[in-house]
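First the structure, in the form of structure tokens, and then the observations on it.
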Amino acid sequence: MSEDTVGIEAASSIEQALLEQVRVLSPTQQQTVLDFAAFLRQKAAVAAKERIPGLHPGAFVIRDDFDDSLPDSFWLGEE
């Protein structure tokens, strides 16, 4: 068997086992399983959007005076 066939059979086996377990649950419990599956999908989508440090090195430069105190004119709205 190829690796693809084994992967498909394993997924099918998991899907079948999941269906067998869900079928014996009450409708309320089935809804809970459905809600949890939706939560997992949403969580995966959010995780895919997380920032990855170092993707754009040199895209911006932090000045040497970044941590210096700001002048009173800045805080008072004066120019």
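The values are calculated or read from the model by the stated rules, or taken from the named source; none is laboratory data. Because the structure is predicted, anything quoted here is derived from the model rather than measured. Glycine gets a Cβ as well: all are built from the backbone with ideal geometry, and neighbour counts include every protein chain shown.
Just to be sure, is LEU18 in a loop (DSSP other than H, G, I, E, B), surrounded by 10 or more Cβ atoms within 10 Å (Cβ to Cβ) and at pLDDT 85 or above? Answer is no for this residue. Out of all the residues in the stretch 21-33, which are in a loop (DSSP other than H, G, I, E, B) and either in contact with a His (Cβ under 8 Å, 6 or more places away or on another chain) or surrounded by 11 or more Cβ atoms within 10 Å (Cβ to Cβ) (or both)? Listed by number, the list holds a single entry, LEU25.
Within the stretch 55-69, none of the residues are assigned to a helix (DSSP H, G or I) and either closer than 30 Å to LEU18 by Cα or over 33 Å from the mean Cα position of the chain (by Cα) (or both). Considering only the stretch 34-54, state which residues are not in a helix (DSSP H, G or I) and not hydrophobic (A, V, I, L, M, F, W, C). Once the filter is applied, which keeps residues that are not in a helix (DSSP H, G or I) and not hydrophobic (A, V, I, L, M, F, W, C), the stretch 34-54 yields LYS49, GLU50, ARG51, PRO53, GLY54.
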